[in-house]
1. Which whole-number percent is the relative contact order of region 81-238 (Cα, under 8 Å, 6+ apart)?
2. Please give the peptides 10-18, 152-160, 246-254 ranked by average Cβ packing (other Cβ atoms within 10 Å per residue), highest first, as a rough proxy for protection.
3. Please give the length that would be gained between R89 and T245 if that part of the chain were fully extended, namely 0.36 nm times their separation in residues minus their C-alpha to C-alpha distance (nm, one decimal).
4. In 5 Å bins starting at 0, how do the alpha-carbon pair distances of region 172-261 split up by percent?
5. When ligands, DNA and RNA are left out and all protein chains stay put, how many square angstrom of accessible area per residue does region 154-193 have with a 1.4 Å probe?
6. How big is region 16-87 by Rg and Dmax over its Cα atoms, in Å?
7. Whenever you get a sec, compute what percent of the accessible area on the chain sits on carbon and sulfur atoms (1.4 Å probe).
8. So which cysteines of the chain have no other cysteine's Cβ under 4.7 Å from theirs?
Amino acid sequence: MDYEGRICRAPMERGSFMLPVTVGCPYNRCSFCSLFRDLSFRRLPLEQIEGELQRVRSVNGTPKTIFLGDGNAFALPAKELHEILALIRRYFPGVERIRSDATVTSILRKSDEELESLARAGYSLLYIGVETGLDDVLTFMHKDHTSAQAHEAVERLHRAGLRYAAHIMTGVAGSDRGLENAEQTAAFLNATQPEHIVNFSMMIHAGTPLAAAVRAGTYRQATELENLREGRRLVELLDPGPAHTFDYDGMHDRIEVRVRGRLLRDRERMLREYDKKIALFREKEPIHAWIEE
């Protein structure tokens with residue numbers, strides 16, 4: 001299938017069969033995001049989706065995990081998602097996991113009965129752009145939810161039998177607020193118990209509203225050293241509880257640093273890795289992650 005736009009999915013989905021069912025993002029107004037700004041959100045025709053399933057089966061593909069693209073496939077009405085899930089089961093009855101990105105709003109718009117029926121039909125996990133535990137930062141970044149709404153959405157997912165993974169952003173709160181952000185975000189994650197935590201260190205793209213805010217002086221970008229310290233504090237505070245684990249993946253792409261592991265098993269190792277990088281970048285000139293487009 002010809003893919004429209006940029007491919008974006010969590011690193012733990014690298015081995016999944018990515019099945020496009022939508023193009024773009026229905027919200028597309030987050031201040032930091034440039035992924036879908038040139039696209040209009042739409043559902044792909046069912047015939048096109050079926051054609052891709054046929055193509056993969058024709059080359060003897062037998063995917064066990066399927067990731068529904070693009071930016072927020074879960075925004076589709078439950079009826080349309082059920083049609084897609086039924087197609088998947090027709091072509092790949094042995095599929096074990098069906099996942100996609102979601103927003104808090106797209107979850108809250110579905111009834112408890114719809115969430116439960118989607119879980120029964122094979123939906124297993126949703127990646128949610130939580131970003132931060134600070135409400136004023138959510139507002140500044142033009143996210144379409146509050147922390148309380150995110151709590152509600154996750155609680156409803158858990159009751160329905162669905163699991164979730166959290167996308168968060170080190171550095172999103174700006175300079176001098178990293179430790180505060182780590183503490184509030186850790187509190188949210190500890191309360192909601194995600195399967196995975198995907199931590200993308202903030203990179204500002206020149207064509208976004210956030211870049212304009214930097215130029216206007218209304219947002220002060222954190223340095224990569226600040227972001228490393230924030231990431232370390234987050235790992236220090238994360239608590240998956242006695243019957244759970246967090247898979248953590250912290251990516252600082254601008255400085256080519258990646259810290260990942262499973263909590264609680266790997267916490268001390270990850271903290272040591274952060275300490276080494278903090279010591280290294282403490283001796284360097286301040287670095288800001290900025291991308292010209």
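The values are calculated or read from the model by the stated rules, or taken from the named source; none is laboratory data. Everything numeric in this text was worked out from a predicted model, so none of it was measured. Glycine also receives a Cβ, built like all others from the backbone with ideal geometry; neighbour counts cover every protein chain displayed. Quick note on the areas: whole protein, heavy atoms, side chains included, nothing else; ligands and nucleic acids left out. Shrake-Rupley method; radii C 1.70, N 1.55, O 1.52, S 1.80 Å.
1. Value for region 81-238: 22 percent.
2. Highest-to-lowest ranking by the protection proxy: 246-254, 152-160, 10-18.
3. Values: separation 156, 0.36 × 156 = 56.16 nm, distance 2.96 nm.
Additional length available on full extension: 53.2 nm.
4. 3, 13, 23, 22, 18, 12, 7, 2, 1, 0
5. Values: 1400 Å² over 40 residues.
That works out to 35 Å² for each residue.
6. Here Rg and the maximum Cα pair distance are 13.3, 42 Å.
7. Taking all protein chains in place, the chain shows 49 percent carbon and sulfur surface.
8. Result for the chain is C8, C25, no neighbouring Cys Cβ within the cutoff.
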